[in-house]
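A quick write-up on the structure given underneath.
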Amino acid sequence: MEVDETVRKYKRDERYTYADYAQWDDDKRWELIDGVAYAMAPGPSEPHQGVSIGLAMQLGGFLRGKQCKLRCAPFDVRLNADGADDTVVQPDIVVICDHSIINNAGVAGVPDLVIEILSPSSVRHDMHTKFQLYKKAGVKEYWVVDPGTKMVQTHILSSGEYITRVYSDADDVPVAVLEGCIIKMQDVFAEVVG
């Protein structure tokens, strides 16, 4: 998801919790990471949207009638709801297999799969800040998809560390947390216009 660093400034120096976040009504989308507020950039680009739809179509088709649930942004994920409750992110796509963490406001816990789609304004945030955040939280599988280069990085959690693999648009990518699920990246990137 795109992060607008220029809009972030008015909440920059304070720390917040989910209770604070839930009260904001300033017509902006926000994420909290360790209590720090990050404003989300308005509306995703066409390539971002195309990739998101391409991934959601394949994942949704695979998950139809199965236990795990697919959710797409905007959808709040409170990664440490049972602790400090100061981290709320809105990944582009999440898959949750534990229904007990799903509630009317989103997810209060750790999803099994998180997918972030890069935009020029989100590269550092998604590849560094969120990489560390998701690893620390125990997200089993984290994908970073780049519409510009048509590359995908998958990060599979093993003994507290991510094992990374890189794929191109010509590859069929297995989803480790969903046995038998293979994403055809050529079809995902075909959803991008232009």
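Please count how many residues of region 91-105 are part of a loop (DSSP other than H, G, I, E, B) and surrounded by fewer than 19 Cβ atoms within 10 Å (Cβ to Cβ). Even if it seems obvious, please write down each step before you answer.
We begin by selecting, within region 91-105, every residue part of a loop (DSSP other than H, G, I, E, B); these are 91-92, 97-98, 104-105.
Next, from what is left, pick out any that are surrounded by fewer than 19 Cβ atoms within 10 Å (Cβ to Cβ): 97-98, 104-105.
Residues in region 91-105 being part of a loop (DSSP other than H, G, I, E, B) and surrounded by fewer than 19 Cβ atoms within 10 Å (Cβ to Cβ): 4 in total.
Tally up the residues in region 2-29 that are at pLDDT below 90 and either of a type in the set (A, V, I, L, M, F, W, C) or outside any loop (DSSP other than H, G, I, E, B) (or both), please.
Number of matching residues: 7.
Only one of V152, V188 is surrounded by 15 or more Cβ atoms within 10 Å (Cβ to Cβ), touching a helix residue (DSSP H, G or I) at 6+ places or on another chain (Cβ under 9 Å), on the phi < 0 side of the Ramachandran plot and in a helix (DSSP H, G or I); which? Walk me through how you get there before you give the answer.
Values: V152 fails: in a helix (DSSP H, G or I).
Just a single option satisfies the conditions, and that option is V188.
Return the pairs, sorted by first residue and then second, in which the second residue is of a type in the set (D, E) and assigned to a loop (DSSP other than H, G, I, E, B), the first residue lies in region 169-185 and is without any contact (Cβ under 8 Å) to a residue 40 or more places away in the chain and surrounded by 19 or more Cβ atoms within 10 Å (Cβ to Cβ), the beta carbons are less than 7 Å apart, and the residues are 6+ apart or on different chains.
M185/D169; M185/D171
State all residues of region 40-59 that are buried (at least 18 other Cβ atoms within 10 Å of the Cβ), of a type outside the set (A, V, I, L, M, F, W, C) and not in a helix (DSSP H, G or I); if no residue qualifies, say none.
Matches in region 40-59: P44 only.
Taking the stated definitions as given, is F62 assigned to a helix (DSSP H, G or I) and either of a type in the set (F, W, Y) or modelled with pLDDT under 95 (or both)?
yes
Does region 110-140 hold any residues that are assigned to a loop (DSSP other than H, G, I, E, B), within 19 Å of L59 (Cβ to Cβ) and modelled with pLDDT of 95 or more, and which are they? Even if it seems obvious, please write down each step before you answer.
Step one: of region 110-140, the residues assigned to a loop (DSSP other than H, G, I, E, B) are 110-112, 118-122, 138-140.
Next cut, within 19 Å of L59 (Cβ to Cβ) only: 110-112, 118, 139-140.
Matches in region 110-140: V110, P111, D112, V139, K140.
Given the criteria more than 11 Å from the chain's Cα centre (by Cα), free of Cβ contacts under 8 Å to residues at least 60 places away in the same chain and farther than 17 Å from V88 by Cβ, does K136 qualify? Full working, then the answer.
Numbers: more than 11 Å from the chain's Cα centre (by Cα): yes; free of Cβ contacts under 8 Å to residues at least 60 places away in the same chain: yes; farther than 17 Å from V88 by Cβ: no.
It is false that K136 is more than 11 Å from the chain's Cα centre (by Cα), free of Cβ contacts under 8 Å to residues at least 60 places away in the same chain and farther than 17 Å from V88 by Cβ.
The values are calculated or read from the model by the stated rules, or taken from the named source; none is laboratory data. Small disclaimer: the values here were computed from a predicted structure and weren't measured. All Cβ positions, glycine included, derive from the backbone under ideal geometry; neighbour counts span all protein chains shown.
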